[in-house]
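The values are calculated or read from the model by the stated rules, or taken from the named source; none is laboratory data. Given the structure is predicted, the values throughout are model-derived calculations rather than measurements. Quick reminder, even Gly has a Cβ in these numbers, built from the backbone with ideal geometry, and neighbours come from all protein chains shown. The accessibility values were calculated without ligands, DNA or RNA, using every heavy atom of the protein model including side chains. Shrake-Rupley method; radii C 1.70, N 1.55, O 1.52, S 1.80 Å.
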Amino acid sequence: MYIAALFAFLVSFLTTPLVIKLAHHFGALDIPKDNRRVHNKPMPLWGGVAIYVGFFLSMLIFSNIETQKLAGLFISATLILVTGMIDDVKDLGAKTKLVIQIICAGILVKAGFEINYFTNFFGESGYIHLGILSVPVSIIWIVGVTNTVNLIDGLDGLAAGISAIAAVTLGYIAFTNHRYDAAMITLILAGSSAGFLPHNFNPAKIFMGDTGALFLGLILSAISIEGALKGATALTVVVPILALGVPIFDTAFAILRRMINKRPIMEADKGHLHHRMLSTGLNQRKVVLSMYLISALMGAGAIALLKHDYINAVALLAIAAVVVFIPVNKSIEMEKKGRLNGNDG
């Protein structure tokens with residue numbers, strides 16, 4: 001498994017400089033044009049192409065996943081990658097991307113990446129079988145996770161690093177559940193994400209763009225189904241949610257925030273956790289490293305829950321909550337003071 005991850009790392013790392021040239025050639029550049037951007041010069045996009053190449057080349061060589069599932073992964077991932085590449089050059093619009101994401105999710109479900117049951121916490125039987133609801137529930141999960149990764153892609157190295165941490169966590173969960181093929185996939189994804197990171201960490205030479213964020217989200221959603229949501233544990237649903245905690249909770253709060261403020265749910269804003277941290281005066285590197293820490297703590301908490309080590313699980317998640325609360329609270333206080341000073345003036 002580790003050789004497969006290392007191979008994916010090397011392919012992604014060596015491919016990225018070629019992708020930088022490709023992005024410049026085709027004009028796939030992120031030009032800063034609003035105050036949400038934290039860079040001040042045009043940056044090449046399409047970094048997800050390098051992650052994709054590293055991932056699938058390693059999958060073809062090392063993975064023993066059944067042919068139907070590999071084909072489903074390849075077709076859906078290629079479709080989402082091409083969608084991201086087009087969107088990075090010419091905005092496709094939220095509705096168009098959503099339709100394509102649903103199609104990709106349908107392909108994955110057809111290939112066998114399907115949530116068939118949830119653990120029954122209260123009844124005598126072990127599981128609640130979803131029956132005809134398994135398809136829509138699976139599609140909602142896949143589309144939801146795909147978009148959560150896309151929404152946190154706001155700072156150099158943030159989405160790639162958190163995706164790698166989440167993949168390692170999901171890999172451990174899959175291995176614990178004796179789902180070794182799924183564990184192999186997660187380590188390969190972690191390797192390909194990590195291989196891109198040296199080029200993407202601040203100061204970045206390239207961004208992954210929607211090309212990479214949508215691809216990573218799609219693959220993470222599929223492997224969480226295969227390695228965690230099909231596990232025979234009372235924490236079948238809770239554990240993968242915690243493993244993917246940073247993008248899932250950040251997106252959930254973003255939706256809630258926009259609903260409270262009566263703003264469109266898909267409208268971009270500067271209320272995400274990384275924006276809050278930046279507003280307190282932390283630089284990009286410190287913010288990204290802090291969010292890596294939060295993601296790692298939540299992943300470790302998920303693993304502790306899986307082992308029924310509830311004391312350590314609560315402690316790890318409490319530390320993660322504190323690391324989140326301090327900068328968010330400081331950011332809110334600064335906003336209040338800014339408004340008061342503005343009113344006084």
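Results for (1) in a helix (DSSP H, G or I); (2) open to solvent by 60 Å² or more (accessible area, probe 1.4 Å); (3) in contact with an Asp or Glu (Cβ under 9 Å, 6 or more places away or on another chain), shown as yes or no for each residue.
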residue	(1), (2), (3)
His274	yes, no, yes
Met277	yes, no, no
Leu297	yes, no, no
Ala320	yes, no, no
Lys330	yes, yes, no
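Here Arg37 meets the list (1) buried (at least 17 other Cβ atoms within 10 Å of the Cβ); (2) under 24 Å from Gly157 (Cβ atoms); (3) out of contact with any Lys or Arg (no Cβ under 7 Å at 6 or more places or on another chain); (4) modelled with pLDDT under 95 almost entirely, failing just condition (1). Report yes if Lys286 is at pLDDT below 80 and surrounded by fewer than 21 Cβ atoms within 10 Å (Cβ to Cβ), otherwise no. No; evaluated as a whole, the condition is false for this residue.
Scanning segment 57-104 for residues that are open to solvent by less than 70 Å² (accessible area, probe 1.4 Å) and part of a loop (DSSP other than H, G, I, E, B) turns up Ser63, Ile65, Leu92, Gly93.
Taking the criterion of being surrounded by fewer than 16 Cβ atoms within 10 Å (Cβ to Cβ) and modelled with pLDDT of 90 or more, the residues of segment 23-34 that qualify are His24, His25, Phe26.
Here's the yes/no breakdown for (1) assigned to a helix (DSSP H, G or I); (2) under 19 Å from Val287 (Cα atoms); (3) touching a helix residue (DSSP H, G or I) at 6+ places or on another chain (Cβ under 7 Å):
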| site | (1), (2), (3) |
| --- | --- |
| Val137 | yes, no, no |
| Val145 | yes, no, yes |
| Gly154 | no, yes, yes |
| Gly171 | yes, no, yes |
| Ile185 | yes, no, yes |
| Ser192 | yes, no, yes |
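For every residue, the table says whether it meets (1) over 25 Å from Met1 (Cα atoms); (2) in contact with a His (Cβ under 8 Å, 6 or more places away or on another chain).
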{"site": "Tyr180", "(1), (2)": "no, no"}
{"site": "Ile188", "(1), (2)": "no, no"}
{"site": "Gly191", "(1), (2)": "no, no"}
{"site": "Phe196", "(1), (2)": "no, no"}
{"site": "Pro203", "(1), (2)": "yes, no"}
{"site": "Ile206", "(1), (2)": "yes, yes"}
{"site": "Asp210", "(1), (2)": "yes, no"}
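Of the residues making up segment 156-169, those that are assigned to a helix (DSSP H, G or I) and over 21 Å from Gly112 (Cα atoms) are Leu158, Ala159, Ala160, Gly161, Ile162, Ser163, Ala164, Ile165, Ala166, Val168, Thr169.
Considered as a group, the residues in segment 105-122 that are β-branched (Val, Ile, Thr) and at pLDDT below 90 include one that is surrounded by the fewest Cβ atoms within 10 Å (Cβ to Cβ), and that residue is Thr119.
Which of the residues spanning segment 206-222 are in contact with a strand residue (DSSP E or B) (Cβ under 9 Å, 6 or more places away or on another chain), open to solvent by less than 10 Å² (accessible area, probe 1.4 Å) and not in a helix (DSSP H, G or I)?
Keep residues of segment 206-222 that are in contact with a strand residue (DSSP E or B) (Cβ under 9 Å, 6 or more places away or on another chain), which gives 206-207, 209.
The next check asks that each one be open to solvent by less than 10 Å² (accessible area, probe 1.4 Å); those that pass are 206, 209.
Result: Ile206, single match.
Counting the residues of segment 152-205 that are surrounded by fewer than 24 Cβ atoms within 10 Å (Cβ to Cβ), in contact with a Gly (Cβ under 6 Å, 6 or more places away or on another chain), more than 17 Å from Tyr292 (Cβ to Cβ) and among the hydrophobic types (A, V, I, L, M, F, W, C) gives 1.
When Ala8 is tested against (1) in contact with a helix residue (DSSP H, G or I) (Cβ under 7 Å, 6 or more places away or on another chain); (2) at pLDDT below 95; (3) among the small types (Gly, Ala, Ser), just one condition goes unmet, and that condition is (2).
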